[in-house]
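I have a structure I would like to understand better, so I am pasting it below and will then ask my questions one at a time.
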Amino acid sequence: MPDPHLLAALTLARATYDRAAVHRTDAGWLDAVWAGRSPAQVLLLHRDRAKVSADGSRLVLAPPPTVSEGVRTLLGVEDDVAYLAVLMPDDAEPPAGPGPDGARWASLREVGAKLGARDSGLLASAVALAHWHGAHPRCPRCGEPTVSINAGWARRCPVDASEHFPRHDPAVIVLVRDSADRALLGRRADWDPSWYSTLAGFVEAGESAEMTLVREMSEEAGVRIDPDGLDYLGS
């Protein structure tokens, strides 16, 4: 069995802050934090990038109010501070470049492993919400443009009043090892030359995670997996 302590090292599964879902429909509370009447910090997300410190170890957050263009969302609360995000549209005016302290714009892929538990969780949630809002602007029933509700965690159709929620795309990422304890790695052609990754794939309808990894490793690498030799680490 794998070391259970390794679960703490899963980069996107470390966040411990309260997602504070009870506040997502509390208009008065949300107005207060966005107006700066209650402690709050804002993450600006533009094309999947957020501002981070020069060494990429922490998010550089801003006090509200900030830019007005984009989807406003509540990410969570920690130590009585609300953590918010503005999910800027791709065609919005790009935010200013690096500041005098060396702050820069970076993606979750670049800095996720360097960020602390809170900041990693905030950025992962913001990126996931931004992808969903960007890909689902219209009602799947009637085609009308929908509006963001519940502090960015749902969208409502103004015509038929149907509500829609962020979709989940189950996926697996796998460390494949052979009898000589060699690891199978891959890379995309457009990645930095020093980047490699274990192999991954999306779970298809009706599949288990185990079935997915057997199929994906065959499709992506031509490697046959022994289903009896699988160790599950965590999600």
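How much of the accessible area of the stretch 137-199, in percent, comes from carbon and sulfur atoms when a 1.4 Å probe is used? Provide the component values of the computation, followed by the final result.
Values: 2310 of 4470 Å².
Percent of accessible area from carbon and sulfur atoms in the stretch 137-199: 52.
Right, here's the next one. Answer with a single label: of (i) 20.2, 61; (ii) 18.4, 56; (iii) 17.3, 53, which was calculated as Rg and Dmax of the Cα atoms in Å from the structure in view?
It is the one labelled (i).
For the stretch 124-202, report the convex hull volume of the alpha-carbon atoms normalised per residue, in Å³, without decimals.
Here the figure is 136 Å³ per residue.
Which residue fluctuates most in the GNM of the chain (Cα springs below 10 Å): ASP79, ASP90, ASP178?
In the Gaussian network model the winner is ASP178.
Accessible area per residue, 1.4 Å probe, Å², for the chain: what's the number?
Accessible area per residue, the chain: 60 Å².
While we're looking at this one, here's another question. Using the basic label-point model (7 angstrom from Cα toward the beta carbon), what is the ASP226 to ARG141 distance in nanometres?
It works out to 5.2 nm between the two label points.
Ordering GLU219, GLU144 by accessible area with a probe of 1.4 Å, largest first, what comes out?
GLU219, GLU144
Could you compute the FRET efficiency for ARG47 and ALA27, with r as their C-beta to C-beta distance and R0 at 30 Å, rounded to 0.05?
Result of the calculation: an efficiency of 0.50.
Using Cα centres only, tell me the gap between the stretch 140-173 and the stretch 182-235 in whole Å.
Their Cα centres are 30 Å away from one another.
Can you tell which of ARG182, ARG24, ARG167 shows the greatest fluctuation in a Gaussian network model of the chain with Cα springs below 10 Å?
Taking springs between Cα atoms under 10 Å, the residue moving most is ARG182.
Oh, and also: For the pair ASP192/ARG156, report the inter-label distance in nm, with labels modelled 7 Å from Cα in the Cβ direction.
Spacing of the two 7 Å Cα→Cβ label points: 4.4 nm.
In addition: Anyone know which of VAL67, VAL86, VAL223 comes out most mobile in the 10 Å Cα GNM of the chain?
Of the options given, VAL223 has the highest mean-square fluctuation.
Still on this structure, I have one more. From largest accessible area down, sort SER38, SER162, SER68; use a 1.4 Å probe on the protein chains.
SER68, SER38, SER162
Here's a follow-up. Starting from the Cα gyration tensor of the stretch 170-235, multiply each eigenvalue by 5, take the square root, and state the resulting semi-axes largest first in whole Å. Mind showing how you got there, number by number?
Working: eigenvalues 79, 49, 24 Å².
So the equivalent ellipsoid measures 20, 16, 11 Å along its semi-axes.
To the nearest 0.05, what FRET efficiency results for SER107 and SER68 with a Förster distance of 25 Å applied to their C-beta separation?
Calculated value: 0.60.
Tell me, what is the FRET efficiency for ALA92 and MET211 to the nearest 0.05, using R0 = 35 angstrom and their Cβ-Cβ distance as r?
0.25
By its C-alpha gyration tensor, with a ≥ b ≥ c as the square roots of the eigenvalues, how is the stretch 64-135 shaped: rounded for a/c under 1.5, else prolate for a/b larger than b/c, else oblate?
rounded
What does the accessible area of ASP226 come to, in Å² to the nearest 10, when a probe of 1.4 Å is used?
For ASP226, the solvent-accessible surface is approximately 90 Å².
In terms of the ratio Rg/(2.2 N^0.38 Å) built on C-alpha atoms, what value belongs to the stretch 34-97?
Against the empirical 2.2 N^0.38 Å value, I get 1.10 for the stretch 34-97.
The values are calculated or read from the model by the stated rules, or taken from the named source; none is laboratory data. Quick caveat, the model's predicted, so the values are computed rather than measured. In this analysis, Cβ positions are derived from the backbone assuming ideal geometry, glycine residues included, and neighbour counts consider all displayed protein chains. All accessible areas refer to the heavy atoms of the entire protein, side chains included, with ligands and DNA or RNA removed. Shrake-Rupley method; radii C 1.70, N 1.55, O 1.52, S 1.80 Å.
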